[in-house]
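Colleague: For reference, the structure I am asking about is given below.
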Amino acid sequence: DKFHESVISPLIIRAPQAKPLRQESVIELLDVYPTLLDLAGINASDHLEGESMVGLMSGDGEGWKDYAIVESKRGGKAVYTQEWSFMDWGNGAYELYDLKNDPFQFSNVAESNPDLIKELKSKTISVDE
């Protein structure tokens with residue numbers, strides 16, 4: 001199964017205070033609500049998991065997250081970055097794809113990248129808590 005195409009989508013936000021800008025950043029849908037609150041001048045609650053994209057929309061990507069987490073109905077967790085697509089099936093099976101060199105995800109390179117698997121897997125731990 002290839003998941004990258006099913007979890008990426010364009011997001012267009014038009015706000016009076018934002019100049020037109022194309023941004024190729026990793027965002028999650030949970031970032032939309034805090035962004036809308038921020039644009040409306042409403043203080044976002046501390047318990048929200050998402051982050052406001054207002055700074056990102058102004059061209060300041062400093063400190064912006066570099067990955068997104070997706071959970072599968074089949075029990076797996078995926079981590080997506082600009083460069084990698086990683087799926088942890090929870091049963092010891094992993095899939096790792098180099099999106100820059102293999103954008104259609106034909107070659108699973110998980111076995112040859114144990115350190116990267118460990119790093120990406122650690123990002124899913126917060127989902128389990």
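Colleague: Taking the stretch 18-35 as the region of interest, how many residues are farther than 25 Å from VAL79 by Cβ and open to solvent by 40 Å² or more (accessible area, probe 1.4 Å)? Can you show your working first?
Modeller: Step one: of the stretch 18-35, the residues farther than 25 Å from VAL79 by Cβ are 18-21.
Narrowing further to those that are open to solvent by 40 Å² or more (accessible area, probe 1.4 Å): 19-21.
Summing the residues that are farther than 25 Å from VAL79 by Cβ and open to solvent by 40 Å² or more (accessible area, probe 1.4 Å) in the stretch 18-35 gives 3.
Colleague: Quick check: is even one residue across the stretch 36-50 within 29 Å of GLN105 (Cα to Cα), modelled with pLDDT of 85 or more and either exposed (fewer than 11 other Cβ atoms within 10 Å of the Cβ) or under 13 Å from the mean Cα position of the chain (by Cα) (or both)? Give the steps one after another, and end with the answer.
Modeller: Filtering the stretch 36-50 down to residues within 29 Å of GLN105 (Cα to Cα) leaves 50.
Going one step further and asking which of them are modelled with pLDDT of 85 or more, we end up with 50.
Filter once more, so that each one left must be either exposed (fewer than 11 other Cβ atoms within 10 Å of the Cβ) or under 13 Å from the mean Cα position of the chain (by Cα) (or both): 50.
Checking the stretch 36-50: at least one residue is within 29 Å of GLN105 (Cα to Cα), modelled with pLDDT of 85 or more and either exposed (fewer than 11 other Cβ atoms within 10 Å of the Cβ) or under 13 Å from the mean Cα position of the chain (by Cα) (or both).
Colleague: Moving to a separate point now. When you look at ASP66, is it open to solvent by less than 40 Å² (accessible area, probe 1.4 Å) and either out of contact with any Cys (no Cβ under 9 Å at 6 or more places or on another chain) or part of a helix (DSSP H, G or I) (or both), yes or no?
Modeller: Against the criterion (open to solvent by less than 40 Å² (accessible area, probe 1.4 Å) and either out of contact with any Cys (no Cβ under 9 Å at 6 or more places or on another chain) or part of a helix (DSSP H, G or I) (or both)), ASP66 does not qualify.
Colleague: Let me ask something else. Checking GLU111 against (1) without any contact (Cβ under 8 Å) to a residue 12 or more places away in the chain; (2) open to solvent by less than 70 Å² (accessible area, probe 1.4 Å), which test does it fail?
Modeller: Tallying (1) without any contact (Cβ under 8 Å) to a residue 12 or more places away in the chain; (2) open to solvent by less than 70 Å² (accessible area, probe 1.4 Å), GLU111 fails exactly one: (2).
Colleague: For the stretch 74-129, which residues satisfy the criterion of being under 20 Å from GLU28 (Cβ atoms) and touching a Gly at 6+ places or on another chain (Cβ under 8 Å)?
Modeller: GLY75, GLY76, LYS77, MET87, ASP88
Colleague: Hey, does the stretch 87-98 have a residue that's touching a residue at least 60 places away in the same chain (Cβ under 8 Å), hydrophobic (A, V, I, L, M, F, W, C) and either part of a loop (DSSP other than H, G, I, E, B) or open to solvent by less than 50 Å² (accessible area, probe 1.4 Å) (or both)?
Modeller: yes
Colleague: Of the residues in the stretch 69-86, how many are within 27 Å of LEU21 (Cα to Cα) and either open to solvent by 50 Å² or more (accessible area, probe 1.4 Å) or free of Cβ contacts under 8 Å to residues at least 12 places away in the same chain (or both)? Step through it out loud before you land on a result.
Modeller: Taking the stretch 69-86 and keeping what is within 27 Å of LEU21 (Cα to Cα), we get 69-70, 79-85.
Now narrow it down to the ones that are either open to solvent by 50 Å² or more (accessible area, probe 1.4 Å) or free of Cβ contacts under 8 Å to residues at least 12 places away in the same chain (or both): 82-84.
Of the residues in that region, 3 qualify.
Colleague: I would also like to ask the following. If GLY59 satisfies all but one of (1) at positive phi; (2) free of Cβ contacts under 8 Å to residues at least 24 places away in the same chain, what's the number of the condition it fails?
Modeller: The failed condition is (2).
Colleague: Checking TRP89 against (1) at pLDDT below 90; (2) under 19 Å from ILE8 (Cβ atoms), only one condition comes out false. Which one?
Modeller: The failed condition is (2).
Colleague: Is it true that LYS123 is at pLDDT 90 or above and under 30 Å from GLY55 (Cβ atoms)?
Modeller: So LYS123 does not fit the description; no.
The values are calculated or read from the model by the stated rules, or taken from the named source; none is laboratory data. The structure presented is a predicted model; accordingly, all values stated were derived computationally and were not measured. Note that each Cβ is placed from the backbone with ideal geometry, even for glycine, and that neighbours are counted across all protein chains shown. Please note that ligands, DNA and RNA were not included when accessible areas were found on the heavy atoms of the full protein model with its side chains. Shrake-Rupley method; radii C 1.70, N 1.55, O 1.52, S 1.80 Å.
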